[in-house]
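Structure first, then comments.
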Amino acid sequence: MTGAGDGDAYGCGYGQSVVGDGYPAGVGWVVVARGELDQDTLVPLEEALTAAAGLHPLVVLDAGSITFGDSSFLNLLLRLHHLTTLRIAAPGEQLRRLFAVTGADTVLSLHTSVEAAVGS
């Protein structure tokens with residue numbers, strides 16, 4: 001594995017972005033995201049999730065360090081949900097509210113932790 005911010009297992013150098021190091025978990029891959037996710041910051045996360053979806057039957061988004069997500073972030077998750085088994089781990093209060101208000105919580109697979117997402 002590379003150091004945080006150096007890139008990921010796909011050789012993509014994201015620099016100081018919203019994506020941390022990904023790692024294997026069971027039959028899937030965990031993508032770690034952080035910070036504010038909107039149309040201006042979303043590309044590295046989209047690349048990481050799409051790459052993981054192409055290689056693994058299960059993708060877990062570790063959302064525990066995401067502080068904000070807008071409609072473009074939600075749209076990305078809903079699109080990925082149709083490509084692979086996507087599970088979202090540890091969403092904070094803002095994301096839980098976004099999912100509840102939009103009804104996405106009835107579509108997306110939400111879990112309290114990465115461990116719970118991988119184990120379900």
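The values are calculated or read from the model by the stated rules, or taken from the named source; none is laboratory data. Please read all numbers here as calculations on a predicted model, not as lab measurements. Neighbour counts are summed over all protein chains in view; Cβ atoms, including those assigned to glycine, are modelled from backbone coordinates with ideal geometry.
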Could you check how many residues of segment 103-114 are more than 13 Å from the chain's Cα centre (by Cα) and either exposed (fewer than 14 other Cβ atoms within 10 Å of the Cβ) or touching a residue at least 60 places away in the same chain (Cβ under 8 Å) (or both)? 4
A careful count of residues in segment 34-51 that are of a type in the set (Val, Ile, Thr) and either closer than 14 Å to Val114 by Cβ or assigned to a helix (DSSP H, G or I) (or both) gives 2
When you go through (1) more than 19 Å from Ser17 (Cβ to Cβ); (2) of a type in the set (Gly, Ala, Ser); (3) modelled with pLDDT of 95 or more one by one for Gly119, which number turns out not to apply? (3)
Taking segment 1-27 as the search range and keeping residues that are farther than 23 Å from Ser71 by Cβ and crowded, with 21+ Cβ neighbours inside 10 Å, which one is modelled with the lowest pLDDT? Asp8
If Arg87 passes every condition in (1) under 20 Å from Ser17 (Cβ atoms); (2) under 11 Å from the mean Cα position of the chain (by Cα); (3) in a strand (DSSP E or B) but one, which one does it miss? (1)
Scan Val59, Val31 and give me the residue that is in contact with an Asp or Glu (Cβ under 9 Å, 6 or more places away or on another chain), crowded, with 19+ Cβ neighbours inside 10 Å and not in a helix (DSSP H, G or I). Val31
